[in-house]
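J.: This is the structure I have questions about; it appears just below.
The values are calculated or read from the model by the stated rules, or taken from the named source; none is laboratory data. Remember, it's a predicted structure, so these values are computed and weren't measured experimentally. Backbone-built Cβ (ideal geometry, glycine too); neighbour counts: all protein chains shown.
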Amino acid sequence: MDWTFIQRFTPMYAEAALLTLRMGLTGIALSMAVGLLCCLAQHYRLPALRQIARAYIELARNTPLLVQLFFLYFGLPKVGVRLSSETCAVIGLTFLGGAYMAEAFRSGLEAVDKTQREAGECLGLTGLQNLRYVIFPQALATAVPAVCANVIFLTKETSVFSAVALADLMYVAKDLIGMYYKTDEALLMLVAAYLVLLLPISVVFSWLERRLRYAGFGRAA
Amino acid sequence: MANPLLEVRHISKGFDGTGVLEDVSLTVHEGEVLVVVGPSGCGKSTLLRCINGLERIDSGEILLRGKPITGEKRDLVAVRQKVGMVFQSYDLFPHMDVMGNLLLGPTKALRRPKAEVEAEAMAMLKRVGLEEKAHALPRTLSGGQKQRVALVRAMLMKPEMLLLDEITAALDPEMVREVLNVVLDLAKEGMTMAIVTHEMRFAEAVADRVIFLEGGVIVEEGAPAQFFHHPKTERARQFLNTFVYEAAKKQSENSADA
């Protein structure tokens with residue numbers, strides 16, 4: 001094991017890790033927004049939008065991210081749409097993640113008893129008030145484990161960004177292996193970098209899930 | 001009798017082609033307690049659910065203080081702020097403590113100041129013997145306690161009328177009493193109520209008028225003393241007898257045990 005090599009290239013990994021994190025977080029935040037919209041379109045049976053959401057979810061979940069990225073990065077320029085690596089990466093991740101998030105949110109919404117909505121209605125709450133104070137808090141509590149799993153899954157999926165020439169962790173590792181033949185060191189650092197990124201997220205999520213069990217929320221006012 | 005508060009005129013309601021309510025008409029006057037009894041599946045609950053718009057009626061109309069609350073232009077939110085409803089399954093909000101449950105309607109739907117409602121809520125909790133539970137989560141309460149909270153939650157909206165849908169059906173016998181006492185108390189204060197129940201003794205005690213519903217039609221209507229002791233129709237007699245039979249059977253079982 002060549003420790004000076006590891007020392008020398010750690011900053012490079014750190015930089016790549018930051019890029020991975022930035023792309024990942026942007027994509028995940030957008031995924032949640034897309035997921036929420038799709039989930040609401042389905043839940044409220046909005047005509048047309050609901051079918052579009054369903055078709056999108058099936059398309060996104062049943063094609064690999066790598067294929068989606070190739071389509072964006074190599075396919076679209078052929079029809080005159082040229083996107084940067086970063087844009088492709090974020091759009092690709094959002095496309096994939098939105099579908100998974102939609103399903104996670106939907107499971108949460110469906111888990112809220114119909115009678116809860118009725119109880120809220122019977123208190124004279126408007127539809128939006130009912131959603132905000134009665135339905136969403138409970139739906140979210142149920143959806144949290146699935147959403148957390150998706151966040152970790154999507155963060156790991158960023159490893160295919162290297163395929164569209166984005167200098168993420170995977171890209172750096174491949175680069176170093178190609179240039180210096182230091183396969184062991186490069187891969188060890190790659191694994192370590194992903195763990196450094198994901199372990200804290202994982203710990204925070206386990207804590208969050210424990211807190212939200214029973215949809216209890218401790219003592220919400 | 002005072003003014004009619006609620007008028008149900010010739011309503012019908014079906015689910016997937018099966019008629020549940022057929023041409024039902026009734027009036028509830030201000031301060032009156034109407035009890036609806038009848039065998040399971042006779043449309044009692046559906047009737048209550050139609051009144052506050054949880055189910056859409058197929059035909060007929062419903063008026064609250066002479067104003068239609070059914071039809072195209074209905075304002076369900078406004079109706080529900082005036083007509084409270086309590087369900088068999090309590091349906092407290094599990095993610096809020098008791099006080100949160102009580103405050104939600106008055107502060108959000110009616111936009112009343114929190115401190116004011118809080119004081120009222122505490123007073124009401126005290127009345128039903130639950131002031132110590134103000135900050136407990138619903139899942140830590142017994143069924144009877146939950147249902148009392150649900151009653152307080154509905155009452156804090158200061159409704160003109162309460163609809164109670166089999167509110168003791170899910171309770172253990174000893175808890176039934178503590179809930180029904182609260183309802184009897186409300187009746188004494190002149191709260192207008194429409195109550196669906198299987199507790200015949202309670203029905204007799206609380207009712208000003210009884211309606212016997214079967215197969216979606218009103219079979220008999222009358223004063224409680226008359227209905228429970230001298231029913232006019234054969235069907236009502238049979239229905240009431242099932243309760244006597246059950247009581248008799250229980251008695252013979254008990255003596256066999258001894």
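J.: So which of B:151, B:162, B:92 ends up being among the aliphatic types (A, V, I, L, M), under 19 Å from residue B:33 (Cα atoms) and outside any helix (DSSP H, G or I)?
T.: B:162
J.: Would you please list the contacts, defined by Cβ atoms under 9 Å and residues six or more apart or on different chains, that run from a residue in the range A:151-171 that is in contact (Cβ under 8 Å) with a residue 24 or more places away in the chain and at positive phi to a residue that is crowded, with 17+ Cβ neighbours inside 10 Å and part of a helix (DSSP H, G or I)?
T.: A:165/A:73; A:165/A:85; A:165/A:171
J.: Looking at B:250, B:188, B:232, B:158, which is the one that is more than 30 Å from residue B:78 (Cβ to Cβ), surrounded by fewer than 20 Cβ atoms within 10 Å (Cβ to Cβ), among the charged types (D, E, K, R) and modelled with pLDDT of 90 or more?
T.: B:232
J.: Tell me the helices (runs of 4 or more DSSP H) entirely within the range A:50-135 that contain at least 3 residues that are crowded, with 17+ Cβ neighbours inside 10 Å and within 14 Å of another protein chain (Cβ to nearest Cβ).
T.: Output list reads A:114-122.
J.: Any residue that is within 19 Å of residue A:126 (Cβ to Cβ) and free of Cβ contacts under 8 Å to residues at least 60 places away in the same chain - is there at least one of those in the range B:141-163?
T.: Within the range B:141-163, one or more residues are within 19 Å of residue A:126 (Cβ to Cβ) and free of Cβ contacts under 8 Å to residues at least 60 places away in the same chain.
J.: Anything in the range B:86-104 that is at pLDDT 95 or above and more than 13 Å from residue B:146 (Cβ to Cβ)? List them, or say none.
T.: Across the range B:86-104, the qualifying residues are B:99, B:100, B:103, B:104.
J.: Output the residues belonging to the range A:184-207 that are of a type in the set (Val, Ile, Thr) and in contact (Cβ under 8 Å) with a residue 24 or more places away in the chain.
T.: A:196, A:201
J.: State yes or no: is residue A:139 buried (at least 23 other Cβ atoms within 10 Å of the Cβ), touching a Ser or Thr at 6+ places or on another chain (Cβ under 7 Å) and more than 29 Å from residue A:2 (Cα to Cα)?
T.: Taking the combined requirement at face value, the residue does not satisfy it.
J.: Another one. Within the range A:156-175, is there a residue that is out of contact with any strand residue (DSSP E or B) (no Cβ under 7 Å at 6 or more places or on another chain), buried (at least 21 other Cβ atoms within 10 Å of the Cβ) and within 30 Å of residue B:50 (Cα to Cα)?
T.: No, that holds for no residue.
J.: State all residues of the range B:156-179 that are within 14 Å of the chain's Cα centre (by Cα), under 22 Å from residue B:32 (Cβ atoms) and not charged (D, E, K, R); if no residue qualifies, say none.
T.: Selection gives B:159, B:161, B:162, B:163, B:164, B:167, B:168, B:179.
J.: Okay, moving on. So which residues in the range B:103-155 are within 18 Å of residue B:176 (Cα to Cα), away from chain A (no Cβ under 14 Å) and aliphatic (A, V, I, L, M)?
T.: Answer for the range B:103-155, where residues must be within 18 Å of residue B:176 (Cα to Cα), away from chain A (no Cβ under 14 Å) and aliphatic (A, V, I, L, M): B:125, B:128, B:130.
J.: Read through the list (1) within 17 Å of residue A:160 (Cβ to Cβ); (2) touching a residue at least 24 places away in the same chain (Cβ under 8 Å), then give the number of the only condition that residue A:63 fails.
T.: (2)
J.: Tell me, yes or no, whether the range B:176-199 has at least one residue that is within 23 Å of residue B:110 (Cα to Cα), within 14 Å of another protein chain (Cβ to nearest Cβ) and part of a helix (DSSP H, G or I).
T.: No, the range B:176-199 has no match at all.
J.: Being touching a His at 6+ places or on another chain (Cβ under 7 Å) and either of a type in the set (Lys, Arg) or within 12 Å of chain A (Cβ to nearest Cβ) (or both) narrows it down to one residue among B:165, B:97; which is it?
T.: Result: B:97 is the single residue among B:165, B:97 that is touching a His at 6+ places or on another chain (Cβ under 7 Å) and either of a type in the set (Lys, Arg) or within 12 Å of chain A (Cβ to nearest Cβ) (or both).
J.: Moving on. Can you find a residue in the range A:177-189 that is surrounded by 14 or more Cβ atoms within 10 Å (Cβ to Cβ), of a type in the set (A, V, I, L, M) and not in a helix (DSSP H, G or I)?
T.: no
J.: Under 6 Å by Cβ, and 6 or more places apart or on different chains, what pairs join a residue from the range B:54-72 that is free of Cβ contacts under 8 Å to residues at least 12 places away in the same chain with one that is of a type in the set (Ser, Thr, Tyr) and loosely packed, with under 14 Cβ neighbours inside 10 Å?
T.: Between residues of the range B:54-72 that are free of Cβ contacts under 8 Å to residues at least 12 places away in the same chain and residues that are of a type in the set (Ser, Thr, Tyr) and loosely packed, with under 14 Cβ neighbours inside 10 Å, there is no close pair.
J.: Identify, by number, the condition in (1) surrounded by fewer than 21 Cβ atoms within 10 Å (Cβ to Cβ); (2) touching a Gly at 6+ places or on another chain (Cβ under 9 Å) that residue B:88 doesn't meet.
T.: Status for residue B:88: all satisfied but (2).
J.: Let me ask another. Here is a list: B:139, B:148, B:153. Which entry is under 16 Å from the mean Cα position of the chain (by Cα) and closer than 22 Å to residue A:138 by Cβ?
T.: Within the list B:139, B:148, B:153, the selection yields B:153.
J.: Residue A:143 - would you say it is in contact (Cβ under 8 Å) with a residue 40 or more places away in the chain and under 28 Å from residue A:56 (Cα atoms)?
T.: The answer is no for residue A:143.
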